[in-house]
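Here the structure is laid out as structure tokens; the discussion comes afterwards.
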Amino acid sequence: MTKTTNEPSKARVIFLAALGAMPPLSTDMYLVAIPHLSEIWSAPTNIINLSLVLWFVAFSISLLVFGSLSDRWGRRPIMLGGLALFAIASALCATATGPMQLIFFRVLQGIAAAAPSSMTMAYCRDSYEGHARQKLLAWLGIIIMVAPMAAPSVGAYIMHYAPWQTIFVLLAIYSGSMLALSWFLFEESSATKEPGGAIKALNRYVRLARNRNFLLANFSMSLIAAPVLGYVGIASLVYMEHFHLSETTFALLFAAVPLSSMVGAFVCTRMLRIFSDRSLIMYSLIGSVFASIILLSIGALHVVAFVVGMCVFGFFTGVSRPLANHLVLEQVDRDIGAASSTIIFTQFMAGAICMAYTTAGWAHPIAALGFLVLLVPGLVLLSWPFIQRKLQFTPAQTTA
């Protein structure tokens, strides 16, 4: 498939977003069931939370495997195989009779979810360039945010009228439907296939590890949004136990943060006409630090203050994410599948670490989250002058 600077059709954007939405759907729809499973299985909440944390670990590690395999065999077979495995794993999750079974099947589901996630990013890098890719990544960010907005409400509705297993049955149906659509719509986008087996696959990551600009961009940009997963990890605890809200209210308030990210991504598409991406990323980092001040000062006092603080952080994360992903991709010109997977791997591993931190049983989880929101983007902000001097910003990135 030849690269183009023409923007993709709306139908293509929606299709790619539906594929990219599988990770948030498989995590956020399930959040509302965690306290319920803890109760019916008489298991501590932190044990049930392992089905969430280990999902992210399995997902992140698998990204590296699928990315390199796609450079060897192409994007299409990895996409189709991952969707098939996801459907099977989701169905198995619905059969779990205890925490250990659920954790095992969720790990399998996390492995499978890595395929559509990494292949969507690789497809964007393969097929589009310049401003067209910037806008595509921004619009994907906008539409994909519908998943974490709607998923908790869907999960709460299911838990009200049906058993928890229904959540995973719906995920199996969704992934099966995407498999059928992908069979006809997801064409091969890799222009060349890298030769060799496991050693050659490893060499692709060795080449990336020698690309200092890629490492710097990937590590620094992956940190910006990492605290979002820390929020996901404690959301049900904060809303339903700390603030004593119902499952339905939790779902509505939880949706406010991804909605803010969606608005931020939309604002990004407009602000590129006025500001350079260097400036927008810097402003986003400053905004994230401001959000941490709200969380640390008054976030634990009232649910409105907590939601406002997280929405401010979500908004600025939404502004920066498409620009950050585009900036990292600009640092490579080969091994695109491996690079795309490494980007998402780093983002989710950083997020999983933040999630493990916030779910570690803190007496004041909101303060722990506020500290993350201050520390992580704050470190990137302090390093931003150095990062700008080192990284490659293409002319297509500077203004729109």
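A few notes on this one:
- Computed over the chain, Cα set: Rg, Dmax in Å: 20.0, 58
- Spacing of the modelled spin labels on Ser42 and Ala367, each 7 Å from Cα toward Cβ, amounts to 3.5 nm.
- Where only C-alpha atoms are counted, convex hull volume of segment 219-308 per residue in Å³: 96
- Inter-site label distance for Arg12 and Ser383 at 7 Å from Cα along Cβ, in nm: 3.5
- Stretchable slack from Ala84 to Leu185, in nm (0.36 nm times residue separation minus alpha-carbon distance): 34.8 nm
- More than 20 Å apart - percent of Cα-Cα pairs taken over segment 1-106: 51
- Using just its DSSP H runs of length 4 or more, each adding -39500 (n - 2.57), the chain gives a mean residue ellipticity at 222 nm of -26500 deg cm²/dmol after division by all residues.
- Backbone geometry of segment 248-254 corresponds, through the Karplus equation with coefficients 6.51, -1.76 and 1.60 at θ = phi - 60°, to 3J(HN,Hα) couplings of 5, 5, 4, 4, 5, 5, 4 Hz, x marking Gly and Pro.
- Sorting the segments 206-217, 222-233 by their residues' average number of neighbouring beta-carbon atoms within 10 angstrom, most packed first, yields 222-233, 206-217.
A short reminder: the numbers here are calculations on the coordinates, not readings from a lab. Keep in mind that this is a model prediction, so the values were computed, not measured. Cβ coordinates were reconstructed from backbone atoms using ideal geometry, including for glycine residues, and neighbour counts include every protein chain displayed.
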